[in-house]
Amino acid sequence: MRLIAVALASMALAACASTVPQPQPGPQPAPPITRPPVVTRVPPTAPPPPPVAGFRTPEIMRGPGLDGVVRERAPSLVRQFGQPRLDVAEGDMRKLQFASEACVLDVYLYPLRPGAEPESTWLEARRSSDGAEVDLLACMQALRRAGN
């Protein structure tokens with residue numbers, strides 16, 4: 001019996017002296033899968049043509065009622081408004097001036113690209129008597145009646 005008591009005592013002591021097992025870390029997560037970035041291939045485009053020395057693209061007037069006048073060439077404007085009172089060329093610009101008793105219409109023509117024939121890009125209207133600004137569309141109507 002003594003032997004049993006000694007065995008039990010040693011087991012009890014061994015149980016007290018043993019370390020408590022530490023929790024083992026779980027499985028480590030797998031490293032993230034890295035994929036190469038998606039590259040979209042854009043077909044090469046032709047570079048814009050180099051600017052022509054001394055050429056500047058003109059501003060084109062826009063607005064209601066200007067169709068058939070803006071972006072027209074001189075012969076079309078002469079058919080609409082009659083013979084111009086002035087036809088002035090300076091460099092690649094051309095100015096046609098149409099006049100009636102009511103008003104004066106200045107039409108500025110510029111080439112839209114190098115070497116092209118000038119087209120009307122801008123218009124200005126004024127009263128014939130004193131040069132005061134007048135309605136552009138009303139002036140164009142008056143000149144059409146006077147020119148035809």
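The set of residues from segment 103-134 being touching a Cys at 6+ places or on another chain (Cβ under 9 Å) and not in a strand (DSSP E or B) comprises 128, 134. Among the conditions (1) at pLDDT 95 or above; (2) over 19 Å from residue 72 (Cα atoms), residue 96 misses just one, which is (2).
Answer yes if at least one residue in segment 101-113 is surrounded by 11 or more Cβ atoms within 10 Å (Cβ to Cβ), farther than 30 Å from residue 54 by Cα and touching a residue at least 40 places away in the same chain (Cβ under 8 Å), and no otherwise. Checked against the condition, which is being surrounded by 11 or more Cβ atoms within 10 Å (Cβ to Cβ), farther than 30 Å from residue 54 by Cα and touching a residue at least 40 places away in the same chain (Cβ under 8 Å), segment 101-113 yields at least one hit.
Filtering segment 67-98 to residues that are at negative phi, of a type outside the set (S, T, N, Q) and in contact (Cβ under 8 Å) with a residue 60 or more places away in the chain leaves 69, 81.
The values are calculated or read from the model by the stated rules, or taken from the named source; none is laboratory data. These figures come from a predicted structure and were not determined experimentally. All Cβ positions, even for glycine, are placed from backbone atoms using ideal geometry, and neighbour counts span all protein chains on display.
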